[in-house]
1. Dividing the alpha-carbon Rg of the chain by 2.2 N^0.38 Å yields what?
2. So how do Ile15, Ile76 line up by other beta-carbon neighbours within 10 Å, fewest first?
3. Counting other beta carbons within 10 Å of each residue's own, what order do Arg7, Arg79 fall into, fewest first?
4. Compute the helix-to-body angle for 56-68: its Cα long axis versus the longest principal axis of the chain, expressed 0 to 90° and rounded to tens.
5. Determine, for Ile69, Ile14, the number of other Cβ atoms within 10 Å of each Cβ, and report the residues in order from fewest to most.
6. Hey, if you put +1 on the Cβ of every Lys and Arg and -1 on every Asp and Glu Cβ in the chain, which of Pro19, Asn64, Gly37 ends up farthest toward the positive end of that dipole?
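Please treat every number below as a calculation from the coordinates, not as lab data. On a predicted model such as this, the values are computed, not experimentally measured, just so you know. Glycine also receives a Cβ, built like all others from the backbone with ideal geometry; neighbour counts cover every protein chain displayed.
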Amino acid sequence: MTKVVFRKWKNGDIIALFPDEPWSRSGYMTTSYMHVGQHGAADYAGVIADTSPAQGNEYKDLLNELRAIGYTDLRIVQRARPKFTNKNM
């Protein structure tokens, strides 16, 4: 099961954050996904601070896109504590 948090930027764009999927083994960034740019690194706490929760009708297109590329076991949550692999943080 893959946790996903959907958030909305002030301009209306939706971002999916994957708090349990670190972007790399070093650093504190988590994996994210948007229609434009697709997968990328995101500062989880920063994105949460700069966005608002996305409603189901706002993130449904992004959710469908994620499912189409292979995310078939998503668990939608409002917030989560990111898990990082770097123990030196």
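1. 1.02
2. In order of increasing Cβ crowding within 10 Å: Ile76, Ile15.
3. Taking fewest neighbouring Cβ atoms as first place, the list is Arg79, Arg7.
4. That works out to roughly 70 degrees.
5. So the ranking, lowest neighbour count to highest, is Ile69, Ile14.
6. Pro19
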